[in-house]
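Chemist: Below: one structure in C-alpha cells.
The values are calculated or read from the model by the stated rules, or taken from the named source; none is laboratory data. On a predicted model such as this, the values are computed, not experimentally measured, just so you know. Neighbour counts run over all protein chains shown; Cβ positions are idealised from the backbone, glycine included. Accessible surface areas use protein heavy atoms only, side chains included; no ligands, DNA or RNA. Shrake-Rupley method; radii C 1.70, N 1.55, O 1.52, S 1.80 Å.
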Amino acid sequence: DTLGDLCKLVSDSIKEDPPIAMKEGGIIKDGYNAEVDKLRNAKSDGKDWLAKLETEEREKTGIKNLRIKYNKVFGYYLEVTNSFKNLVPDYYTRKQTLANAERYIIPELKELEDTILGAEDKLYALEYQLYSEVRDTIGKEVVRIQKTAKAIAKLDAFSSLALVAEQNNYVRPKMNDKGLIDIKDGRHPVVEKMISNDMFICNDTYLNDKKERISIITGPNMAGKSTYMRQTALIVLMAQIGSFVPASSANIGVVDRIFTRVGASDDLASGQSTFMVEMTEVANILRNATNKSLLILDEIGRGTSTFDGLSIAWAVIEYISNSKLLGAKTLFATHYHELTELEGKIENVNNYCIAVKEKGDDIIFLRKIVKGGADKSYGIQVARLAGVPQSVTDRAKEIVEELVQADVTGKIKEIEVQGQEASKPKAKHFDEVDLAQMSLFDTVKDDDVIKEIKELDLANLTPIDALNTLYQLQNKLKNRW
Ligand SMILES: Nc1ncnc2c1ncn2[C@@H]1O[C@H](COP(=O)(O)OP(=O)(O)OP(=O)(O)O)[C@@H](O)[C@H]1O
Ligand SMILES: [Mg+2]
C-alpha cells in the first residue's frame, strides 16, 4: 500500500518546511484553501483594496478630495473636507468632526478593515483547524500506515545489510547448531573502517563445545585483544540477525545470548563503585549464561588488588570451563599472565596471544593472534607511547625489575585447579586435586535436588516409591560429579 491518497493530502496541504509552533500559521500550503489564500493576501493586497474603494467612492459621490485614512482610535475612515460636506450621501455614518473636515465610515470600509486587521488571527486559527483536519484524516488510516511502515522497515534493514555486505566484502556465514564458531580472517566491521589503507589485520576464531571452549587471550597493551574479542562477538551477532559477516568464511553456531564484560565504569549516583559494577556484571553473567552462550570477558579482576583480581579471574575461568556448572564458550582477555597456566590444567582452556615484535626498547604490533601465551604486557612501553613523562616510566622499569625477583608466577604454577574437566595429566599436581573443594560450587547447582527432597510428600509415599525417588536423586548427583 503506497498510501497515495494520504501522500497527496499531505503534499497538497502541508508546507515542506512548516514552523515548529502549530498555532502561529505558516503550515498550510498556498492553493489548498481559498480562505487561507485570501487571508494571507489581505495584508499585502489591503492597500489596493483601499485605493480601489477610495476611487469608487469619489466617483459615486463626486467628492474629489475624498480620502481613506487610518488612525488607531477609529481604524479606517473616509475624510471629507468641509467644502464638500454637502455632497456626503446618507449611507455615510459620521464618526468625528474636525475644524475643517468630517470623518465617516461605511459598511464596505468596515468589512475591509475587519479583513485587513483580523486577517492574521483568523489565518492562524484557520490554518490550525485545517491542519487538525488533515491530522484526523491521517489518524483514521493508522493501521494502513503502520503496515506500510513495517514493510519499509524490513526492506530498509535487509537492503542496508545487503549494501554494507556488498560494499565491505562480507561473506554469507554458514549456521550450525553444534556450538561451533569457526571464523576465518575475521575483521572488526567498525575498526576496519577507521583504519586507513586496508591496514586492518584479520584473525581467525575457533571455538567449540569440546576442547576449544575457552580462549585465554594475552598480549601487550594496545595489541588488539579487545578488538579481536569484540569482532568475534559482532560477527556472531551479525550472523544471527541474518547479515553477512566481515570474514573470508564463517560457520557460526547459534548462541542463546552474548554476554560481555568490557571496560571500567562506575555508577556513583546509585552507590556502585568501579569494582562493584564489574563484579555485578560478572555475577550476572555467571548466574544467567548457559552452555549455549558466548562470553566476552575483557580483563576481569582489574579493579582490585592484584592477588584478589587474579584469584577471581582464575576462579571465574574454572567455573565457566566446568560444563556441569556453566560451560559457555568464552573469550577471556587478561594481563594476568599467570592465567595461561590454566591451559593443560583445564582441558577446554586454550592460550592465544597477539603477536608483537620487539625492536630494541620499542615494540611493533603485528595484530596477529597466534597459539600460546604471552608473558609480557609492555605496559611501560605503551605508557611511554602515550606520553607519560620519562622519569616516571624509567622509575617504573626499576620497580618492575625488583618485583620480578619476587617471582609471583612461580607460586601460581603451584596452584591446583578445581573442577572435573581439569583432566589433562600435564598439570603437575592435578592428581591430588581435593574434590571436597568443589563444594562451594556444588551447593549452588544442587539446589534443585535439595528442593526436590524438601517437596517430597512423605505421608503419601509408598516404601517402594521412596526407594525409587532416592535412587533417582542419587543418579542426578552422580551425573554431576
Ligand atoms: N586487527 C587489527 N588490525 C589493525 N589495527 C588493530 C587491530 N586490532 C586492534 N587494532 C588497533 O589497535 C588499537 C588497540 O587495540 P585494543 O584496544 O584491542 O588493544 P588491547 O590489546 O585490548 O589493549 P589493552 O590491553 O590496553 O586493553 C585499536 O584501537 C585499533 O586501532
Ligand atoms: Mg583491551
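Chemist: I need a count of the residues in the range 219-259 that are crowded, with 19+ Cβ neighbours inside 10 Å, over 16 Å from Lys368 (Cβ atoms) and among the basic types (Lys, Arg).
Modeler: The number of residues fulfilling the criteria is 1.
Chemist: Turning to a different aspect of this structure: With the condition kept exactly as written, say whether any residue in the range 260-280 is away from ligand 2 (no atom under 16 Å from the Cβ), crowded, with 20+ Cβ neighbours inside 10 Å and of a type outside the set (Lys, Arg).
Modeler: Looking for residues that are away from ligand 2 (no atom under 16 Å from the Cβ), crowded, with 20+ Cβ neighbours inside 10 Å and of a type outside the set (Lys, Arg), one finds none in the range 260-280, hence no.
Chemist: Okay, next question. Check Thr340, Thr306 and return the single one that is under 22 Å from Ala223 (Cβ atoms), more than 22 Å from the chain's Cα centre (by Cα), more than 16 Å from ligand 2 (Cβ to nearest atom) and open to solvent by 50 Å² or more (accessible area, probe 1.4 Å).
Modeler: Details: Thr340 fails: open to solvent by 50 Å² or more (accessible area, probe 1.4 Å).
Thr306 is the lone residue from the list that is under 22 Å from Ala223 (Cβ atoms), more than 22 Å from the chain's Cα centre (by Cα), more than 16 Å from ligand 2 (Cβ to nearest atom) and open to solvent by 50 Å² or more (accessible area, probe 1.4 Å).
Chemist: Next question. Among the numbered conditions (1) touching a strand residue (DSSP E or B) at 6+ places or on another chain (Cβ under 8 Å); (2) part of a helix (DSSP H, G or I); (3) exposed (fewer than 14 other Cβ atoms within 10 Å of the Cβ); (4) not β-branched (Val, Ile, Thr), tell me where Asp12 comes up short.
Modeler: Here Asp12 meets the rest and fails (1).
Chemist: Can you list the strands (runs of 3 or more DSSP E) lying wholly within the range 287-395 that have 2 or more residues being among the polar types (S, T, N, Q)?
Modeler: Correct list: 349-359.
Chemist: Out of everything in the range 217-259 that is more than 25 Å from Val356 (Cα to Cα) and among the aromatic types (Phe, Trp, Tyr), what residue ends up being farthest from ligand 2 (Cβ to nearest atom)?
Modeler: Going through the qualifying residues, I end up with Phe244.
Chemist: Okay, next question. Which residues, taken from the range 239-286, are of a type in the set (Lys, Arg) and not in a loop (DSSP other than H, G, I, E, B)?
Modeler: So in the range 239-286, the residues of a type in the set (Lys, Arg) come out as 257, 261.
Once the filter is applied, which keeps residues that are of a type in the set (Lys, Arg) and not in a loop (DSSP other than H, G, I, E, B), the range 239-286 yields only Arg261.
Chemist: OK, next. Find the helices (runs of 4 or more DSSP H) located wholly in the range 428-481 whose residues include 1 or more that are modelled with pLDDT under 50 and either under 30 Å from Glu341 (Cβ atoms) or not assigned by TED's automatic domain parsing to the domain that holds Leu326 (or both), and list them. Spell out the reasoning first.
Modeler: Details: elements: 439-445, 447-455, 463-480.
Filter on the range 428-481 gives 439-445.
Chemist: What are the pairs, 6+ residues apart or on separate chains, where a residue within the range 130-149 that is under 15 Å from Pro18 (Cβ atoms) and in a helix (DSSP H, G or I) has its Cβ under 8 Å from a residue that is open to solvent by less than 50 Å² (accessible area, probe 1.4 Å) and among the polar types (S, T, N, Q)?
Modeler: Every condition considered, the pairs that remain are Leu130/Ser13; Leu130/Asn33; Tyr131/Ser13; Val134/Ser13.
Chemist: On the given criteria, is Leu78 open to solvent by less than 40 Å² (accessible area, probe 1.4 Å), outside any strand (DSSP E or B) and aliphatic (A, V, I, L, M)? Please lay out each step first, then the result.
Modeler: On the way: open to solvent by less than 40 Å² (accessible area, probe 1.4 Å): yes; outside any strand (DSSP E or B): no; aliphatic (A, V, I, L, M): yes.
So Leu78 does not fit the description; no.
Chemist: Quick test for you: out of Glu358, Glu343, pick the one residue that is within 22 Å of Leu207 (Cα to Cα), in the same structural domain as Ile214 (by TED's automatic domain parsing) and more than 15 Å from ligand 1 (Cβ to nearest atom).
Modeler: Just one listed residue meets the conditions, Glu343.
Chemist: Could you tell me which residue of the range 357-379 is nearest to the chain's Cα centre (by Cα), considering only residues that are open to solvent by less than 40 Å² (accessible area, probe 1.4 Å) and within 26 Å of Trp314 (Cα to Cα)?
Modeler: Initial filter on the range 357-379 (open to solvent by less than 40 Å² (accessible area, probe 1.4 Å)): 363, 369, 372, 374, 377-379.
Filter again for within 26 Å of Trp314 (Cα to Cα), leaving 369, 372, 374, 377-379.
Details: Ile369: 29, Gly372: 35, Ala374: 34, Ser377: 32, Tyr378: 33, Gly379: 32 Å.
So the residue we want is Ile369.
Chemist: Another question about this same structure. Name the residue, out of Asp204, Asp198, Asp209, Asp185, that is within 11 Å of ligand 1 (Cβ to nearest atom), open to solvent by 40 Å² or more (accessible area, probe 1.4 Å) and in contact (Cβ under 8 Å) with a residue 12 or more places away in the chain.
Modeler: None of the others qualify; the one that does is Asp185.
Chemist: Another question, then. Can we say Leu286 is open to solvent by less than 50 Å² (accessible area, probe 1.4 Å) and within 16 Å of ligand 2 (Cβ to nearest atom)?
Modeler: Details: open to solvent by less than 50 Å² (accessible area, probe 1.4 Å): yes; within 16 Å of ligand 2 (Cβ to nearest atom): no.
The answer is no for Leu286.
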